[in-house]
Structures are given as C-alpha cells and as structure tokens.
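Below is one structure, written out as structure tokens; the observations come after it.
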Amino acid sequence: MFTTTFAVAQSEALKVVVNSLGFYKQTNDINYLARAKKSIDSLIVSRKDSNNIEKNIYKGLVYATILQVDSTNKLNQPANFFATTSNFVDWLATHRRARQYPDELDFIKQCIANACIKKGFEYMNISDFVNAEQYFRKARHYAPSFKPLNAYIAYSNSKLGNLQDAAKFYNDLVLTDSTGAEIIQTAVSINMAIGDTVKALDILKKGRRLLPDDKYLVLDEANIYNNKKDYKALEPLLPVILEYNKNNADIVFVAANCYDQLNRYDKAEDLYLQAVELNSSAFDPAFNLGILYYKKSAFEGGEDDNLKNIYYASKWLEKANEISPNDIKCLQMLKQLYTQTGNVKQLNKIDTKLNQLTDK
C-alpha cells in the first residue's frame, strides 16, 4: 500500500505525507508516521479542506496506521485518539466519494481492526472481558470476514457468563470447514450448558465428519448418549471409544452398562470383568455384575446354569457390599437373593443392617 497508492499521489501538497509514509515503510521508524500526521493535519485546516476527499483518505491512512503500529503510544497521541480515529473512519467509509478509493479504505479498516484486536487482548490479559468483548466486536465491524474474531467474542462472552451469546458465536465458527477440534468441543460444552443437547449433537456429528480421527469428539458424543440413556445410539460408538480407552475403567464400565441395557449380556459380562480388573475398588462394576448374573439365572440354561449364576450373583453382590457396606440397593438385592436361596443366617444379618440404616 505504501509503495503503490501513495507513490502516485496527484496532489503536490500530499507529497510530504506520501514520502514520510514511504520512509516509514522502508525503516519501520514511527517518527516518520509522526511527520506524516503533522503534514496531513497541516493540510486540513479549513472547511474546504475538510471536504476534500483525497486529503481525508490520506488522513485515514496515516491515523489508522498509527493506531495499528503504535499500541504503546510512543508518539504521545491524546487519550481520545483511538475513539476519534475510529469515528472518523466510520464517517469516511460512508462518504459517497470515498468509493473512488476502495483499496485505501480496505487498508484503513484492516489497520483499525488490528488495533482493536490488540486492545481486546490487552484487556483479556487483565481479565477485563467486558472491554475485551467490546473491542473484539468493534474489530469485527471493520473486518467482518476475519473468522477468528468470532472465537475471541465467544470466549469473552463465555467468561462473562453470557452463554447464549457465546453459543451463537461458537456455532457460527463450527459452520466453517476449517474448524479445529478445540472450537468444536467448546461449542458443544456451551450448548450443553444452556441445555441445547440437540445443537450439541449436531455440532459433534459435523465435527466428526470434518475430523473423523479425533478420539475426543467421538467420546464427547458417546457421553451425551450415555447421559441421555440412549443406548441404541451409543452402541455403534463403543468399538471406537474402547479402542482408544481400553485401559480406562470408567469408559469400559460405560460400554459394559450399554451392552447390559441392550440385553447383550455376554459382551456386558466381559467388559464388567475388565472394568473390575482395571479398578478393583469400584462399586458399580461389581454391583452390576451381581445384577447381571441374577438376571441370567432367571432364563439361562438348566438347573446347573441357574445355580452357577446364583453363585456368581452372590459373589459379586457381596464384593460390592464390601466396597460400599451402606449401599441400600446392594443390601436389598442381597436380601432378595438370600431369601430365594434360603440362607437364613445371611438374611438376618442383612435385615439387621437395613433396619439400622432405615431407622437413622
């Protein structure tokens, strides 16, 4: 921009401005920007000057460049320099005759947007998300096609607790094919936080199409189905999440429970046993194994199989009771089992325990 548009300036009066900007481009010495500003200010003093669109375009170029590069205000501009410059650029952008300078206007807006982004991050770094969000929105006004701004605005809103606004901007980001897994996961979390599970699932499905090898996205989708107790939807995801998490006792248990709920008892049994092996102090796998064997005793095979399943049910329910002695559900299941098998001694112990717990 400095070596093209400026170099062909028609007005003799603007040559000092052009030359100063050209020297800045070559040297990055902001003192040349100070000279450019002093020159352009000296050229706009009357009403007629203020109506000269060419001079105003160069004023915009100089002022916007200063805003972009002099974030620490080494040139000692007044406190309202940012506000007055952005207001001036807003006016300039709506001027009918300014359409003759589309490239210059784009450059000016880009500079203002960059300045706003810098300001936004300055406020974000001190956890002032109110001002950060305002500057990021202002930047988006000047650079609406710069997609990362949606992420900055969304993040600021999430920090402010404005989850509805945060969800809107994160959802817009997910619509782009270049979205990363982190954005997708954050969008899902925000939508879950505001109770929009349907939208969260839509985002995850799109994310998995874009990033089919991302193990965290499939796990997030599986968690939603598990929390909804939608075991039919969860089942197709189990081989994938087990492949990535075969040593995670909690995830192995989730898979076992899913197969259990779908009456696929052999798969459930194997996975419950694996979960116990991975974490022998966990109550749920032991308890569910006891329930599973008790259910199998009602329909599987003949008398020998029935006795075998009753034995395993007793074993695992007693194991669960050792882990959590005061769990009412487990005690009630043991009472039912001992009643069925006629184990009076154990039944009396369980009744005593239940009475102690229910009388509290």
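Taking all Cα pairs closer than 8 Å and separated by 6 or more residues, the relative contact order of region 195-321 comes to 15 percent. Across q = 0.12, 0.19, 0.24 Å⁻¹, region 36-139 modelled as identical point scatterers on its alpha-carbon atoms has Debye log10 I(q)/I(0) values of -0.42, -0.95, -1.33, in the order of the q list.
Structure remark: mean-square fluctuation, Gaussian network model of the chain, C-alpha springs under 10 Å; the largest value among Asn248, Asn150, Asn348 belongs to Asn348.
Measure off, as a whole percent, the carbon and sulfur share of the 1.4 Å-probe accessible area of the chain, all protein chains present.
Details: 9150 of 19380 Å².
Solvent-exposed carbon and sulfur of the chain make up 47 percent of the total.
Shape summary: region 85-192 maps onto an equivalent ellipsoid whose semi-axes, from the alpha-carbon gyration tensor, are 29, 16, 10 Å in decreasing order.
Note on region 312-360: Kirkwood radius taken over Cα pairs, Stokes-Einstein applied at 37 °C and 0.692 mPa s, translational D equal to 307 µm² s⁻¹. Taking 7 Å steps out from each Cα toward its Cβ at Asn247 and Lys308 produces label points 3.3 nm apart. Placing a label point 7 Å from the Cα of Lys118 along the Cα-to-Cβ line, the residues of region 63-102 whose backbone N sits under 17 Å from it are 63-87. Sorted from greatest to least, the principal axis extents spanned by the alpha carbons of the chain come out as 110, 43, 34 Å. Probing with 1.4 Å while keeping every protein chain in the model, the per residue accessible area of region 131-263 equals 50 Å². Only one residue of Leu273, Ile323, Ala113 has its Cα farthest out toward the positive end of the dipole of the chain, where Lys and Arg carry +1 and Asp and Glu -1 on Cβ, and that residue is Ala113.
Taking the solvent-accessible surface of protein heavy atoms with a 1.4 Å probe, what is the per residue accessible area of region 290-334 in Å²? Please list the in-between numbers first.
Numbers: 2380 Å² over 45 residues.
Value returned for region 290-334: 53 Å² of accessible area per residue.
Ordered from longest to shortest, the equivalent ellipsoid semi-axes for region 246-292 are 15, 11, 8 Å, each the square root of 5 times a Cα gyration tensor eigenvalue. Based on every Cα atom in region 207-360, Rg and the maximum pairwise Cα distance Dmax equal 17.9, 61 Å.
The values are calculated or read from the model by the stated rules, or taken from the named source; none is laboratory data. Keep in mind the model is a prediction, meaning the values are calculated, not measured. Neighbour counts are summed over all protein chains in view; Cβ atoms, including those assigned to glycine, are modelled from backbone coordinates with ideal geometry. All accessible areas refer to the heavy atoms of the entire protein, side chains included, with ligands and DNA or RNA removed. Shrake-Rupley method; radii C 1.70, N 1.55, O 1.52, S 1.80 Å.
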